[in-house]
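A short write-up of the structure that comes next.
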Amino acid sequence: MADRVTVIGWDGSPLTAAARSALSAATLVAGAAHHLALPEVPPTAERIRLGSLGLAARRIAGHRGTAVVFADGDPGFFGVVRTLRAPEHGLEVEVVPAVSSVAAAFARAGMPWDDAQVVVAHPRTLRRAVNVIRAHGKVAVLTSPGAGPAELALLLDGVHRTFVICEELGTDKEQVSVLTSDRAADHTWRDPNVVIVIGGGQALAAEQAWLLGQSPAQSQSAGRGWARPQADTGEGESAQLRAAQLARLGPRTGDLVWDIGAGSGGVAVDAAVLGAAVIAVDADPDACERITAAARKRGVQLQVVAGRAPHVLENLPEPDVVRVGGGGARVVAAVADRRPERIVSHASTRDEAEAIGRTLTEHGYAVECALLQSVGLDTRTWAEQERSVVFLLAAERPVTR
């Protein structure tokens with residue numbers, strides 16, 4: 001095992017005394033090409049070009065001597081420290097931090113970033129990173145080859161954002177570009193780069209900022225709770241039903257939710273408040289306007305698509321969870337063909353519920369159905385005001401291993 005491992009963050013500034021001291025004693029130095037080319041790296045030290053962090057960590061763990069690992073920015077912020085400290089490697093590390101690339105990018109842009117979401121985009125997480133961009137008004141993306149500005153822009157088709165692209169921060173080739181997302185796909189960008197994505201959201205007031213990554217919809221002024229009673233819900237769409245549907249959908253950050261037959265937008269807006277990206281679909285232009293107004297009022301971002309399912313669904317990006325608020329078994333079948341993780345629907349009659357349940361089962365989903373009844377009471381007289389009876393169907397795609 002290495003006698004000592006020092007992780008040095010590098011942001012283009014001159015190395016600190018602590019970093020130079022660690023380097024002078026190093027018998028192994030790991031880093032990117034521009035790190036290994038630094039004049040302070042001892043010429044006699046073994047050099048490892050960082051590619052797979054896991055492989056490098058095993059090499060370092062087996063080294064007898066003093067190791068130094070370079071990383072861009074703050075190595076404890078989505079960096080190599082997590083990998084090196086993993087139990088399977090058994091390494092204890094000392095860290096010499098630097099300014100993170102996210103902090104440097106926002107500094108170049110002259111913007112605060114305590115209200116920003118920060119995501120890492122790899123080819124395997126690219127879609128989830130894009131969903132965070134869809135859902136939030138300020139996002140910093142730590143990119144990687146194959147999951148850079150062009151790929152982000154392509155997956156944002158139909159959603160307009162402003163990109164601040166910071167290439168090779170801290171080097172003499174540093175460049176900052178500001179352009180609309182639709183133009184980012186037509187360019188080849190240099191690695192490494194950080195992308196700040198801005199657009200559409202309400203700004204967080206200074207007095208509301210107290211928690212990193214807090215959005216306007218999550219601030220104290222936005223109010224508490226979800227599935228709030230509404231006067232303009234559709235038939236059978238009580239607050240209790242919407243609460244049950246949200247509970248079964250379980251929308252979360254990184255998900256894309258389809259709300260088909262979104263009606264008043266209650267479920268769509270609540271899913272967005274919970275951090276998910278949302279596409280609300282409705283054939284009624286007035287409903288689309290209500291959904292947009294409801295989202296604006298709650299301070300969330302979502303995409304509203306006017307059109308009739310199932311045809312309008314063909315060009316939408318892949319969903320994680322779907323609520324079908326109308327259209328019956330035919331629409332449910334079209335949704336199931338896209339293989340989301342969960343599908344939630346409801347029916348006003350048992351025959352309709354059986355048809356939807358049978359369709360979901362035929363598509364390989366595990367289906368549950370419950371009869372929900374809610375009664376609203378006037379608390380002044382405790383007289384019955386409104387009664388709702390509906391079948392709730394929740395389906396989950398079996399996990400494949």
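The values are calculated or read from the model by the stated rules, or taken from the named source; none is laboratory data. No experiment lies behind these values; they were computed from the predicted model shown. We place every Cβ from the backbone using ideal geometry, glycine too, and count neighbours over all the protein chains shown. Remember, those area values only see protein heavy atoms, side chains included, never the ligands or the DNA or RNA. Shrake-Rupley method; radii C 1.70, N 1.55, O 1.52, S 1.80 Å.
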With DNA, RNA and ligands ignored, accessible area of Lys173 (1.4 Å probe; Å², nearest 10)
120
Cα gyration tensor, segment 1-52 - rounded (a/c under 1.5), prolate or oblate:
rounded
Could you tell me which residue out of Trp226, Val281, Val69 lies farthest along the dipole of the chain toward its positive end? Charges go on the beta carbon: Lys and Arg +1, Asp and Glu -1, centred on the Cα centre.
Val69
Descending semi-axes in whole angstrom, ellipsoid equivalent of the chain, from the Cα gyration tensor:
49, 23, 20
Largest to smallest accessible area among Ser345, Ser21 [probe 1.4 Å]
Ser21, Ser345
Hey, got the dipole for the chain? About the Cα centre, +1 on K and R Cβ, -1 on D and E Cβ, debye to the nearest 20?
700
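Could you give the size of the charge dipole of segment 34-105 about its Cα centre, using +1 on the Cβ of each K and R and -1 on the Cβ of each D and E, expressed in debye and rounded to the nearest 20?
280
Rounded to the nearest whole Å², what accessible area per residue is found for the chain with the 1.4 Å probe?
49
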GluC sites (Glu not before Pro) within segment 301-395: DSSP coil, no more than 12 neighbouring Cβ in 10 Å
Glu314
Residue-by-residue Karplus 3J(HN,Hα) for segment 187-199, coefficients 6.51, -1.76, 1.60, Hz, glycine and proline x
9, 9, 9, 7, 9, x, 9, 10, 10, 9, 10, 10, x
For the pair Ser348/Arg183, report the inter-label distance in nm, with labels modelled 7 Å from Cα in the Cβ direction.
5.1
For His122, tell me the accessible area in Å² from a 1.4 Å probe, rounded to the nearest 10.
60
Along the charge dipole of segment 300-401, which of Leu360, Pro317, Val399 sits closest to the positive end, that is, farthest toward it, with unit charges on the beta carbon of Lys, Arg, Asp and Glu (+1, +1, -1, -1)?
Pro317
Helical contribution to [θ] at 222 nm, DSSP H n ≥ 4, -39,500 (n - 2.57), averaged over the chain, rounded to 500
-7500 deg cm²/dmol
Out of Ile60, Ala295, Ser388, whose Cα points farthest toward the positive end of the dipole of the chain (charges: +1 Lys, Arg; -1 Asp, Glu; placed on Cβ)?
Ile60
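Report, to the nearest whole %, how much of the accessible area of the chain belongs to carbon and sulfur atoms, 1.4 Å probe, protein only.
C and S atoms contribute 51 percent here.
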What GluC sites (Glu not before Pro) does segment 60-133 have in DSSP loop regions with at most 16 other beta carbons within 10 Å?
Glu88, Glu92
For segment 25-69, just say rounded, prolate or oblate: build the C-alpha gyration tensor, square-root its eigenvalues into a ≥ b ≥ c, call rounded for a/c under 1.5, and beyond that prolate if a/b exceeds b/c, oblate if not.
oblate
FRET efficiency for Val389 and Glu289, Cβ-Cβ distance as r, R0 = 30 Å, nearest 0.05?
0.50
Using 0.36 nm per residue of separation minus the Cα-Cα distance, give me the extension gain between His311 and Gln175 in nm, one decimal.
44.6 nm
Going by a ≥ b ≥ c, the root eigenvalues of the Cα gyration tensor, does segment 283-401 fall in the rounded group (a/c under 1.5), the prolate group (a/b larger than b/c) or the oblate group?
oblate
In debye, nearest 20: dipole of segment 241-392 around its Cα centre with unit charges on the Cβ of K, R (+) and D, E (-)?
300
Suppose each label sits 7 Å from its Cα in the direction of the beta carbon; what would the Asp3-Met111 distance come out to in nanometres?
4.8
